[in-house]
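A short worksheet on the structure shown next.
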Amino acid sequence: MGKYLFAAAMALTVPAQAQVVGISSAVQNDVRLKKPGALPRPVALRQRISIAEMIQTGAKSQLQMLLLDKSMFTVGPNARLTIDRYVYDPARNARSMGATVTRGAFRFLSGRRTQGGTSTINTPVGTIGVRGTMLDGVVGENAALIAAGEAMTRRVRGDPETATLIVLRGPGRATQGDVSPGVIDITASGRTVTVDRPMQAVYVPYPGGPVIGPFPLSNSGLMQLQAVLFPALAQRLGLQPPVDPDQTFAPRSDIWPPPGTVQEDGRGPGRGPNPLGRPGDLNGDAGPPRGFAPGVPALPDLPGIQPGRPAQRPQTRGPAVQGNAGADSAQPAPIGAASPPAKDSPPSSDFEASPPPVRDDPAKQAQPDGNGQQQTGSQPKTGKNPSRPAPR
Amino acid sequence: MAVRDRILFSLIAAAACVASPAFAQSDPVAELDALVGDTVDPVSGVAAARAAIGAGELTIAVATLERLLMAFPRADAALLLHASLLCRLDDRAGGRAEVAALKSGLFPESAWGEAIAACGAMPRPAGN
C-alpha cells in the first residue's frame, strides 16, 4: 500500500519540480544553463529548459529559446535570462509567463494568439507587461550607450549595469496575418507607461530613475540594438554594437563616475566626454538609488549586477517623461540596508567563476564565420568599441 | 493481482495523466523539436518560414528566420524575407533598416518585389 502511495505522490510532484517550459532552438558559442543550486553547464541544441533555470551567455554568444506555445526568447552576448513562471494550456489556448532578464539584450516574440493569461518580463529597473507582441530590450552598458546616442536620452546618466532600454517592434495597427497589434506596459519607479506603436522606446537609466518615453528610436539606435542582439549577423552586415562583442561582461568604471568627480577642465561631476550624460542634466536627477525598483526582487544568483552607488539617491519616484526628458524629483535618501559591492572591487561574475571553463578551450573560442561554421575567434578585448559612432 | 491493487494502479495512472498534460495531448516539446529540425539549412529554413506565413503565423515565421540567421548569417534571402515580415507586422522602420544594411542585391525578382510590396519603395542594394 505504502509503495503505491509513494508512486502516486511522485507522479504528482516530479513534473512540478522540473517543468519543461521550452527548448534551446539555436545556440551560438558559449551558452550555459544554471539550475538552481547547481553549476552552469553548456547548453546543447534542443536541450529542455525548465522553470527557474538561468540561461547565461558569454561573449559573442547567443541563444534562441522556443517556449511551449511557440513564443520565442532570443538573448545576445553576456545575457542572463530566467523563466520564473510558465503555464500553458493548449486546450484553452492560454499562456501565462514570467521571466527575468538581469543583463544583456533580449527579444521576446509572442507565439500563437492566446485567449488569456499574462506575460511579464522583469528587469532590474521594472517590469514589462506583454500583450501579444514583439519587443526588444537591453539591460546594462549597451542600453546606456545606445540611449546616449538618442536625442531624448543623451543627457541622462545611466547605470552601466542596470540601465534598461525597451523597444516595441510590433505588430503595429497596420499589421497583417493572424496577429493582433502588440502593446507593452512598462512599470518602473511606481509609474506605468504604455507603448503601442512600433519603434517606440522607453528608457529607465537606473532603478528608481525616471521613466523616459515613449520616444521614437533612431535608425542608428536600432542598428546598434540589432548588433547587440545578433552578433554574427551584425558582423556580416558590418554593424557595430556599442560595446565590443568580444568583451565578456565587466562593469566599466569610466562611464559611471561617482558624484563629486571634478574633471580636468574644472567643470562639475561627470562632465566631459562621458557618453552617458551627467548628473544634474535631468532636472533634479541626483543619481541612482540603491536596490531595485518596487516589486522587482533582488536576485541573489547575480551578486555582480548590483553596482556601486553614490552616497545620495533620489528618494521620491520620478514622473513618467513623455515627449521631453523632463525632471525626476530627487531628494537625498538614507542608504539602503543592502550594501552593494564597492565600485573598485572586481565583479563577482557568476558566469566567469563557474566551471567548466569553456572559454579556456580554444575550440570554444571559435566564432561563426558567417556560414554557421566556426573559426578561431579573436582575443577578448576590453572597453567599448572604438568605432562606435559618437553620441549626438 | 488483488482488486485493491488494480484500483490503486488505476489511480496512479490517472494521477500521472493529470500531472502531465502532455501525456494526454499532443506533445508540445516534440513540436518544438520538429521546428528546430526545419532550420538545418537556409533552403529548408526559408521554406519553413514561408509555410508559417502561408498559415498566417507571421511571428512564428519571424522566429524561424531569426533562428536560421543565427546559424547562417550570410543567408541574405532569409534576411530579406525577415525584413519583409517586419514590414508586414507594421515595423516598417525595422524592415527597411535591415534592407538598407544588406550588402548584396542578388535576390530573385520575386523576393525583391515581395519586399517592396511590404516595405514600400526603397533602393535595392547594389553589391554582388
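Readers should treat all values here as calculations from the given coordinates under stated rules, not as data from a laboratory. Just so we're clear, the structure is a prediction, and the values are computed from it rather than from any experiment. Cβ atoms come from the backbone with ideal geometry, glycine included; neighbour counts cover every protein chain shown.
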Rounded to a whole number, the mean other protein chain Cβ count within 10 angstrom for residues of B:81-90 is 5
Please work out the C-alpha center-to-center distance from segment A:141-159 to segment A:51-94 and express it in whole Å. 27
Roughly what % antiparallel, to the nearest 5, for the DSSP beta bridges in segment A:43-133? 85
Name the long-range amide H neighbours of A:VAL243: under 5 Å, sequence gap of 5 or more, or other chain; modelled H, no Pro or chain starts. A:ASN385
